[in-house]
Amino acid sequence: MGLKYNLSVIVRHPLDVLVNDVGVDAIASATKRNLEGVAFAPYYGCQIVRPERGFDDCEFPSTMDTLFQRLGARAVYFPLKTRCCGGMLMTTFPDVCLQLVKDLLECAAENGAQCILTTCHLCQVNVEAYQKQVNKKFGTSYQIPVMYFTQLLGVALGCSEKALGLDKNLIPWRAPIPVLAA
């Protein structure tokens, strides 16, 4: 077909751009709401740090922790922050994936997280959408909101619930701080 690509585009994660180009201080100075009272589990997932991307530690990333703690939120102890959620295994090996998701939910709950923030949309789907199946399989009762990190960032920046798509999340976020309705 004669197709060629010169590999000139550098693909970066939005968290990298926000933290390293915009800057945590600049973001903090633009906030409209302090996130005090929000306890979150910082879930990076397995893809953001592999292969080494260079903007965070691949074994114990902390850029999301740093950003949201600067905005007033509290990162709970979450040693599974780079553990795989199972990704697409949910379609081929659901029992394996449900166990992985259960482990993540259990760790977040045991450490007092009110929500799980993720840097990966597939992780968000797996950890949020399959909580009902996890509860049925393991006899648990998890109802932990899972948000893409930009959703909570938008809360801090004063965006409305509708603009952030919080009304589209499967498990509603019971915010300890007010979120604009419109």
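Where a number appears in this text, it was derived from the coordinates with a stated rule and is not lab data. If you're wondering where the values come from, they're calculated on a predicted model, not measured in any experiment. Note: ideal-geometry Cβ built from the backbone for every residue, glycine included; neighbour counts use all protein chains shown.
One table, with the values for the structure above:
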quantity	calculated
Contour excess over end-to-end distance, with Cα ends at residue 168 and residue 12 and 0.36 nm allotted per residue	53.6 nm
Peptides ranked, highest mean first, by Cβ atoms within 10 Å: ranges 22-30, 166-174, 64-72, 7-15	64-72, 166-174, 22-30, 7-15
Residue pairs, from the table 102/162; 4/81; 136/168; 132/162; 137/162, whose Cα atoms sit over 26 Å apart	102/162; 4/81; 137/162
Descending semi-axes in whole angstrom, ellipsoid equivalent of the chain, from the Cα gyration tensor	25, 24, 16
Globularity index of the stretch 1-77, i.e. its alpha-carbon radius of gyration over 2.2 N^0.38 Å	1.38
Fully extended contour minus Cα-Cα distance, from residue 50 to residue 21, at 0.36 nm per residue	8.3 nm
Burial ranking of peptide ranges 109-117, 36-44 (average Cβ count within 10 Å, highest at the top)	36-44, 109-117
Among 76, 19, 142 the positive-end extreme of the charge dipole of the chain (Cβ point charges)	142
